[in-house]
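Worksheet: one structure, shown below.
The values are calculated or read from the model by the stated rules, or taken from the named source; none is laboratory data. Just so it is clear, the model here is predicted, and its values are computed rather than measured. Cβ: placed from backbone, ideal geometry, glycine included. Neighbour counts: every protein chain shown. Protein only, heavy atoms only, side chains kept; ligands, DNA and RNA dropped before computing areas. Shrake-Rupley method; radii C 1.70, N 1.55, O 1.52, S 1.80 Å.
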Amino acid sequence: MKLKHIPILLLGLFSCNKENADGYRVYTIDRGNHYSDGPIDKLFGNNNRAISWEWEVIFEPSCIYSESDLFNRSNYLDVNKLIGFSDCDRHHSQYSCRIGWRASGDSIELLIYKRDDNNIAFKSLKKVYSDQLVNVTLNFKDTTYISCIDGICDTLVRPCPDWSGRKYSLFPFFGGQETAPHKMKILIKEIQK
């Protein structure tokens with residue numbers, strides 16, 4: 001391939017619009033995968049130096065799954081990841097804070113979820129239903145992570161209160177150990193402040 005074609009390819013790659021008519025980015029996790037199809041957001045997400053973010057989220061009915069859908073039923077309580085950021089100038093598998101999610105019967109349980117030196121902690125915030133508009137906020141405040149789902153909030157301890165550098169964005173991921181048992185779609189819109 002000639003070098004003169006590379007700028008055209010890059011323009012095509014970065015100009016893809018994955019937003020629906022209402023301004024939501026559509027994230028798809030295909031059957032048998034962990035990652036959603038939004039990897040460019042990890043590198044080029046907005047507001048990565050901010051300490052406060054707000055989103056609107058809609059889980060499509062495809063995000064509901066049961067214990068019998070999984071290879072190992074004990075993985076049903078594993079926390080999937082919705083959205084969040086790396087922290088403390090480390091890889092997200094060491095330090096990060098996100099909103100977690102998992103199926104819970106006919107609803108979806110949302111949680112505040114963090115990794116702190118590879119240790120995982122989470123707290124349940126609220127159960128929501130598919131096709132329901134959910135307001136999500138995440139704040140990195142000195143020694144505290146604060147997450148709210150439709151105004152219901154909880155906190156976890158932030159391990160690096162003095163660090164304020166660039167974080168990278170983290171978007172929908174299925175698992176734990178299991179991969180998605182079927183195709184799932186999640187709609188996310190960042191609310192600009």
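Relative contact order for the range 72-171: 26 percent, from Cα pairs under 8 Å spaced at least 6 residues apart, divided by residue count. Assuming charge only on the beta carbon of Lys and Arg (+1) and of Asp and Glu (-1), the dipole of the chain about its Cα centre is about 600 debye to the nearest 20. From the largest down, the chain spans 52, 43, 31 angstrom on the principal axes of its Cα atoms.
Between R31 and K123, full extension at 0.36 nm per residue minus the direct alpha carbon distance yields a gain of 30.4 nm.
Over the chain, average the accessible area per residue using a 1.4 Å probe and give it in Å², no decimals.
On the way: 10070 Å² over 193 residues.
Computed with neighbouring chains in place, this is 52 Å² per residue.
Only the Cβ atoms of Lys and Arg (+1) and of Asp and Glu (-1) were treated as charged; on that basis the dipole of the range 44-150 about its Cα centre amounts to roughly 280 debye. In this rough spin-label picture, where each label sits 7 Å from Cα along the Cβ direction, the I152-S130 distance is 2.0 nm. When the chain is treated as a GNM, springs tying every alpha-carbon pair under 10 Å, which of T155, T143, T28 comes out with the largest mean-square fluctuation? In this elastic network of the chain, the residue with the biggest mean-square fluctuation among T155, T143, T28 is T143. Nonpolar atom fraction for the range 29-186, defined as the carbon and sulfur part of the 1.4 Å probe accessible area, stands at 47 percent.
The relative contact order of the chain, computed from alpha carbon pairs under 8 Å that lie at least 6 residues apart in sequence, is 33 percent.
A 1.4 Å probe, protein heavy atoms only, puts the accessible area of I99 near 0 Å². Gaussian network model of the chain, Cα springs within a sub-10 Å range: biggest mean-square fluctuation belongs to which of C63, C160, C148? Of the options given, C160 has the highest mean-square fluctuation. The convex hull around the C-alpha trace of the range 88-193, projected and averaged over every direction, spans 7.4 square nanometres.
Out of S66, S96, S169, any idea which swings most in a Gaussian network model of the chain, alpha carbons joined below 10 Å? Residue with maximal mean-square fluctuation among S66, S96, S169: S66.
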